[in-house]
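Please read the structure below before turning to the comments.
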Amino acid sequence: MSVTIDRAEPARITRASIEAAWRRRAPNTRTIIPDQTCRGLCLVVHAHSMSWVYAYKPRGLDPITGRRFPTKSVTIGSPDTHSPDDARQAAGILKGQTKVGRDPAAERRIEQEKGAERRGQTIARLLDLYASVLPRRPKLRGRGTLSPKAVADELAQLRAAMSRMNALDKPVTEIGTQHLRSLLHAEADRPATARARYGALNRFFDWCLDEGFVPLNPCVTVSKAKRPKPPKDRAVYLHLDQLAALWRAAGTTARLRDVHCDLVRFLIAIPCRRGEAAALDWNHLDLAQGVWTQANTATKNGEPHRFSLPPLVLDLLRARHAAAGYPAKGLVFPSPQAGRQVDTFTDIKAALVDATGIDGWRWHDFRRSFATALAEAGVAESVADAILNHKQSATRGGVLGVYQRAQRWPEQVAAMTTWADLLSSTLTGRPAVGSISYDVGRSTIAR
């Protein structure tokens with residue numbers, strides 16, 4: 001639809017002339033009324049709106065054509081926001097800018113583009129984009145990509161940190177040192193939480209830097225003295241009599257179901273991580289050979305691993321396998337209600353603490369207890385390290401860490417047998433002598 005342009009004669013624009021022009025407006029017509037008092041200023045009247053516009057020619061000559069640059073215009077406002085005198089004053093400012101070689105229209109366009117870019121790059125929007133690429137990001141340690149749980153934890157820490165800083169709706173370029181300091185002050189009483197959230201922020205801003213969303217990662221502007229410190233290495237481990245007490249309590253407390261009892265005992269007997277035990281599937285087990293094989297995607301360091309299963313554990317697993325109908329696959333320790341992986345470790349621990357009075361431990365301390373007990377029994381540290389599946393390059397220095405890839409499987413089998421003997425002797429009160437056949441029923445071994 002074409003628009004007719006009606007250019008009126010210059011006149012001193014007043015409130016009365018504005019009202020008269022508004023009454024004369026017509027559909028599909030644009031009326032331009034130049035202001036006689038301020039050259040370049042005009043009132044533009046449309047069928048549904050009016051605006052003040054200042055027109056000018058940028059200073060200088062076009063180096064290609066040798067002629068003056070074409071006329072440009074800048075909208076100042078409307079008669080509702082600017083009176084005639086206000087519009088003339090604003091036009092005078094723009095006129096002064098053009099005289100010194102500035103280009104107000106180009107500057108405004110650039111500012112509008114920057115504003116649109118800032119609005120399009122808010123933290124909330126970038127977090128959505130980050131969530132889509134994070135599952136494909138390589139692990140910082142080990143091989144492969146992040147697990148779904150690691151991705152979920154990372155995003156949860158990020159969103160919690162941004163929410164704490166009230167930054168979700170802010171453009172990413174506006175996040176600076178002061179926001180990070182406010183987060184660290186808010187989490188000063190929770191150093192582990194502060195470190196987790198700061199680390200997630202640092203990785204997020206590194207990604208933003210790589211993608212060109214920010215010129216600098218603001219986390220690097222926080223001095224090292226102010227950054228969250230890593231927690232001290234835990235030195236807590238449980239003695240064999242404490243582990244035996246937890247073993248017995250798992251089978252006697254009414255607050256735990258059979259699957260919880262078996263899972264607790266499995267974690268005491270096998271020095272795996274609790275998440276690995278919760279995700280254990282029947283197709284990972286060779287009960288005939290007594291071996292649990294882990295794929296590289298199931299381990300923390302991204303390397304395949306296997307555990308030798310001593311009779312103490314095999315009896316437990318075979319009993320569960322028979323009770324489940326000898327399935328070829330499926331969770332070994334499914335939650336009682338939903339059948340999913342057990343995730344109520346906090347409640348399970350609370351029941352054990354109440355039953356035994358043994359507190360101050362974590363599930364991961366079972367692994368440290370295993371390594372400590374085997375060291376006391378004379379097992380080589382490198383063998384215990386291999387059983388724990390620690391990253392070899394992290395625990396072996398120099399050439400040894402690079403070239404020594406032996407798993408020493410026969411020694412691992414012997415060490416696991418020793419560990420099972422130590423547990424059994426503590427549970428039964430008999431001395432540990434070689435391989436023993438164990439009854440892991442809830443009513444017998446628990447007593």
Highest-fluctuation residue, SER182, SER223, SER163 considered, GNM on the chain with Cα pairs under 10 Å: SER223
Backbone HN-Hα couplings from phi across the stretch 278-288 [Karplus 6.51/-1.76/1.60, Hz, Gly and Pro as x]: 5, 8, 4, 10, 4, 6, 8, 10, 10, 5, 5
Centroid-to-centroid separation of the stretch 341-371 and the stretch 229-280 [C-alpha atoms, Å]: 5 Å
Rounded tilt (10° steps) of 84-99 against the dominant C-alpha axis of the chain: 80 degrees
Sequence-distant residues sharing a close amide H with VAL291 (under 5 Å, placed H): ASP286, LEU309
Nonlocal amide H pairs with VAL214, under 5 Å, H built at 1.01 Å: LEU209
For the stretch 322-328, 3J(HN,Hα) per residue [Karplus equation, 6.51 cos²θ - 1.76 cosθ + 1.60, θ = phi - 60°, Hz, x = Gly/Pro]: 5, 5, 8, x, 6, x, 7
Theoretical ellipticity at 222 nm over the chain - DSSP helices of four or more residues, -39500 (n - 2.57) apiece, nearest 500: -14500 deg cm²/dmol
Candidates per trypsin sites (Lys or Arg not before Pro) in the stretch 350-391, loop by DSSP, up to 11 other Cβ within 10 Å: none
Stretch gain in nm, segment ASP85-THR37, where the contour uses 0.36 nm per residue and the Cα spacing is subtracted: 16.3 nm
Alpha-carbon centroids, the stretch 100-115 and the stretch 153-167: separation in whole Å: 35 Å
Long-range amide H partners of ASP281 with built H, under 5 Å: VAL332
Links that overshoot a 26 Å alpha carbon limit, given the list LYS226/LYS349; LYS57/LYS114; LYS114/LYS139; LYS139/LYS224; LYS232/LYS349; LYS149/LYS229: LYS226/LYS349; LYS114/LYS139
With Cα atoms, 0 to 90° folded angle of helix 240-252 axis to the chain main axis: 80 degrees
Neighbour-count order for MET416, MET165, fewest beta carbons within 10 angstrom listed first: MET165, MET416
Phi-based couplings in Hz for the stretch 53-63 (Karplus 6.51, -1.76, 1.60; Gly and Pro marked x): 10, 10, 10, 7, 10, x, 5, x, 10, 5, x
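We did not get these values from a lab; they are worked out from the coordinates using the rules stated. These numbers were taken from a predicted model, which means no experiment stands behind them. Quick reminder, even Gly has a Cβ in these numbers, built from the backbone with ideal geometry, and neighbours come from all protein chains shown.
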